[in-house]
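K.L.:
One structure, pasted below without further comment.
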Amino acid sequence: MSNTKLTYIICGKLYNGIEPEFKENYKILVKDNKIEAIGPDVPQPEAAKVIDLSDATVTPGMIDAHMHMDYLDWHTIREEVYTTSEEMKTLAILRTAQKTLARGFTTVRHMGGITSNGMGVLDVKRAIEHGYHTGSRIVAAARFMCTPGSHGDLSQGFARNPEFSNVAQNLRPTLGSGKDFFAHAVREEIKYGSDFIKIMATGGFFTPYDNPAQQQLNDEEMESIIRTAHEWGKTVTAHVYSPKHIQKLLQYGIDGMEHCSLLDEETAQMVIDHNAYIVPTFCPYEEAVHYDPVMIMTKQPEYRRKLEYYKDALQAGREVIKNCKCKLGFGTDFVATHQNYESGYEYKAWMDCGMGGFRALEAATRINAEILQLDDKIGTLEVGKLADISAWKRDLLTDPKALLDCAFVMKEGVVYQTECCEGIDD
C-alpha cells in the first residue's frame, strides 16, 4: 500500500511567478511535498484530497528577503536589546517564523539580529527544517558585520555613559575594526552556519548618532569581508544608502544591497552592469516619501529628524528605484514601523508608489528565490518545485492591502492555518 499523499488544488486565478499575468481555471496536483502537475487540464486522481480555491488567486509562497526576526514588539525593540535574554530572543524568532507562515510568507531571510547577539536564529532554522517546529523556511545571517559607533552598534544609545556603552558594545562578537578582524569574523559566521554575510556599510535612520551618508566600514574592511566570504562560497549584502557608497561596494564585488534609498540613475545602471540586486525596503520611509508630518511625529526623535532632513532625497531616490531596470527583491526591514511578521505592508508600499502588482509579486517570489539561491526549489509554480503555495481573496492588482489577508498557505505540501493582519481595514 502506497503512502504517497496527493493534493488537488482548484485555482480561480493563478500567478506562477514567471509571466506577469493571471491564468484562469488552472489546477495543481501536489504529490507529497512537490508539484507533480500544473495546468488547465490536470486530471483529478481519485485518491487526491481536493482543495477548492476557485474563489481565490493562487501564487507561489511569498518570500520576505529582509527581516529582523528577534524581537517581540517594535514599540519596545530598544528595551528588548538589553532587557530580554538570548533565550527569549530565540523564542521571538520562532514566533515570527510561525506568524509569517500563517500570513502566506513561506520563506524569510533574517538579516542579522537587532536585539540578539547569539545564534538562536540558526537553531530555529534547523528545528523547522527537522520538523520539530512549524514555521517559515529561514535563510539567515545570524549576526551582521559592523564597527564601533556605527548603525549596527546599538550601544550607541548609551554613548553618553561610556563605561556602560563599552560593556554593551563588547556583547556583539561581529563588532570590531580592521580587515583582519572582519576576515576572522566572516569565517566564524560561516562556521556556525550563516547562509550569507550582511555588512553595515553606512549609517542609518534608526540610530541616534550617525547618518545615512557616513561610510562606517573603511575600504580595506569592506573589501576584506567581501573577498573572504566569496573565498568561502558565500554571498554578501550590505546596508547602504548613498550612490558613492553603492558604487564602491559594486567595485569590491558585492552581490546585493539593501535599502539604496538615495539611488541615482547612474548608480542604478552600475547595479545592472555588475549583475547585483537591490532589496529597497520601502515601508520604513513611507512617511517621508509620501510626506506625512503627522505620522513622522510618531517616530523616535532621531528617526524623525532624519526623515525630515532626507525627505526630498528619499522622494527622488524612490522615483529612480521605481523607474529602474535593476533586479529588485521584496523585503520589509520592520524595526521602527509594523511588527516584523506583517510583511504584507511592504506590498502596500509598492502599490502606493505605482510599482504595480505584478512587479511586486515577481520581486516577492521568483526574484527573491534567486537572491536567496533557492530558485531551484521555490519561487515559481512549476513541476518539480516544492509545493510552497499561497492564496489570496483580495484583488492583488487593485487592493494595496491584499497581501495582509492570506486565505490559504501550503509549505512543502502541508497546509497550515492562516491569520489576517490586525487592523487592515482601519
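Since every read-out is calculated from the coordinates, none of them should be taken as a lab result. Treat the numbers as computed from the prediction; the structure is a model and nothing was measured. Cβ atoms come from the backbone with ideal geometry, glycine included; neighbour counts cover every protein chain shown.
K.L.:
Net charge within 13 Å of residue 248 by Cβ-Cβ distance, Lys/Arg positive one each and Asp/Glu negative one each, not counting residue 248 itself?
P.N.:
-3
K.L.:
Report the gain in length on full extension from residue 177 to residue 33: 0.36 nm times residue separation, minus Cα-Cα distance, nm rounded to one decimal.
P.N.:
Length gained, residue 177 through residue 33: 47.3 nm.
K.L.:
Using every Cα-Cα pair within segment 243-339, state what percent have a distance larger than 15 Å.
P.N.:
Everything past 15 Å amounts to 60 percent.
K.L.:
Also: Tabulate in residue order the Karplus-calculated ³J(HN,Hα) for segment 64-76, using 6.51 cos²θ - 1.76 cosθ + 1.60 with θ = phi - 60°, rounded to whole Hz; enter x for Gly and Pro.
P.N.:
Per residue, the Karplus-derived 3J(HN,Hα) values read 9, 8, 8, 10, 10, 8, 9, 10, 9, 7, 5, 5, 10 Hz.
K.L.:
Which net charge results when you count Lys and Arg as +1 and Asp and Glu as -1 among the other residues whose beta-carbon is under 10 Å from that of residue 216?
P.N.:
After counting each charged neighbour, the total is -3.
K.L.:
Filter the trypsin sites (Lys or Arg not before Pro) in segment 244-345 to those in DSSP coil with at most 16 other Cβ atoms within 10 Å of their Cβ, and list the result.
P.N.:
Here the trypsin sites (Lys or Arg not before Pro) that fit, given the DSSP loop and packing criteria, are 325.
K.L.:
Filter the trypsin sites (Lys or Arg not before Pro) in segment 1-104 down to the DSSP loop ones having no more than 15 other Cβ atoms within 10 Å, then list what survives.
P.N.:
Taking segment 1-104 and a limit of 15 other Cβ atoms within 10 Å, the loop trypsin sites (Lys or Arg not before Pro) found are 5.
K.L.:
Starting from the amide H of residue 13, placed 1.01 Å from N in the peptide plane, find each other amide H under 5 Å away whose residue is 5 or more places distant or on another chain.
P.N.:
HN-HN under 5 Å from residue 13: 56, 57, 58.
K.L.:
In sequence order, what are the phi-derived ³J(HN,Hα) couplings for segment 254-271 according to the Karplus relation 6.51 cos²θ - 1.76 cosθ + 1.60 with θ = phi - 60°, rounded to whole Hz, with x for glycine and proline?
P.N.:
In residue order, the calculated couplings are 4, 7, x, 9, 10, 6, 6, 6, 9, 4, 10, 5, 4, 5, 4, 5, 5, 4 Hz.
K.L.:
Treating only the Cβ of Lys, Arg, Asp and Glu as charged (+1, +1, -1, -1), what charge dipole size does segment 2-150 show about its Cα centre? Round to the nearest 20 debye.
P.N.:
Once rounded to the nearest 20, the dipole reads 220 debye.
K.L.:
Explain nothing, just the number: relative contact order of the chain, from Cα pairs under 8 Å at least 6 residues apart, as a whole percent.
P.N.:
It comes to 20 percent, rounded to a whole number.
K.L.:
What is the magnitude of the charge dipole of segment 62-342 about its Cα centre, with +1 placed on the Cβ of each Lys and Arg, -1 on the Cβ of each Asp and Glu, and no other charges, expressed in debye to the nearest 20?
P.N.:
Here segment 62-342 has a charge dipole of around 420 debye.
K.L.:
Please figure out what share of the DSSP beta bridges in the chain is antiparallel and state it in percent, rounded to the nearest 5.
P.N.:
Of the beta bridges lying entirely in the chain, close to 45 percent run antiparallel.
K.L.:
From Cα pairs below 8 angstrom and at least 6 apart in sequence, can you work out the relative contact order of segment 220-379, rounded to a whole percent?
P.N.:
19
K.L.:
Using Cα-Cα distances under 8 Å and only pairs 6 or more residues apart, what relative contact order does segment 131-181 have, in percent?
P.N.:
Relative contact order of segment 131-181: 34 percent.
K.L.:
How are the C-alpha pair distances of the chain spread across 20 Å bins, as whole percents from the shortest bin up?
P.N.:
Result returned by the calculation: 27, 58, 14, 0.
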